[in-house]
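The structure appears below as structure tokens.
The values are calculated or read from the model by the stated rules, or taken from the named source; none is laboratory data. Predicted model only: the values in this text are computed from it and were never measured. Cβ placement follows ideal geometry from the backbone for every residue including glycine, while neighbour counts extend to all protein chains displayed.
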């Protein structure tokens, strides 16, 4: 299985290369930087071997995408066509979700594929009930039961989105970049905003973990991922694992399950 797995988020795009089913590299670029994205995709695609019987020297690989940003999906589709003469495969459309969903029927078609594949990747390791939180432009906190069924979750603004909302919704509060606080309270406006946004995200994650545990009658493992997870992880002693690029790993899992089902 030779695969380029692409996680298109609201802000960043992660490009993962898998050769023979083994993860070789994962790099992240800003989704707005098309030139850099093309470079990363070319670099990865060039490492996929030529198909043995291909007279056209076609490479023996596929490009599979999980996306929450349609505009960037179309950009990737065009890049794949122009640069590699390939079509992309979308999780949730061309490739089925790698786990069952216990959500509203009308919701199944619009649920973020990133949430599902990340949950599937975590469950594949834990093999038990698990909470999966992605800390990015938005924060999602999802629950998978012990049978491996995705039950749903919550969505709240991410760290930077919360800071931006305060600036946009008030007359005098400034926009700040969120960072790890030096104290638990701020002695000036900027530090007060930083502490409030930072610790409210952690508190929400901890509260949802508690409520999920009460719901299913036991404490599930909690896994966090996403661009903001590294920032908060040291203050989350209730979190069991921090796994960078969990969505990319979940894309590879989804494609492997799909190909296995076709045999």
Residue hits (the stretch 59-77; assigned to a loop (DSSP other than H, G, I, E, B), crowded, with 17+ Cβ neighbours inside 10 Å and under 21 Å from the mean Cα position of the chain (by Cα)) are 68
Going through the stretch 12-30 in order, the residues found to be surrounded by 12 or more Cβ atoms within 10 Å (Cβ to Cβ) and not in a strand (DSSP E or B) are 21
I'd like to know if the stretch 39-58 contains one or more residues that are closer than 24 Å to residue 226 by Cα, part of a strand (DSSP E or B) and touching a helix residue (DSSP H, G or I) at 6+ places or on another chain (Cβ under 8 Å). no
Among the residues of the stretch 98-107, is there at least one that is within 15 Å of the chain's Cα centre (by Cα) and either touching a residue at least 12 places away in the same chain (Cβ under 8 Å) or not in a loop (DSSP other than H, G, I, E, B) (or both)? yes
Of the conditions (1) at pLDDT 95 or above; (2) outside any helix (DSSP H, G or I); (3) over 16 Å from the mean Cα position of the chain (by Cα), residue 93 satisfies every one except a single condition; which number is it? (1)
Residue under question is residue 48, and the condition is that it be more than 25 Å from residue 111 (Cβ to Cβ) and crowded, with 19+ Cβ neighbours inside 10 Å; does it hold? yes
If a residue has to be assigned to a loop (DSSP other than H, G, I, E, B), in contact (Cβ under 8 Å) with a residue 40 or more places away in the chain and surrounded by 14 or more Cβ atoms within 10 Å (Cβ to Cβ) to count, how many in the stretch 185-225 make the cut? 1
Kindly check whether there is at least one residue in the stretch 235-244 that is buried (at least 23 other Cβ atoms within 10 Å of the Cβ), touching a residue at least 24 places away in the same chain (Cβ under 8 Å) and touching a strand residue (DSSP E or B) at 6+ places or on another chain (Cβ under 6 Å). no
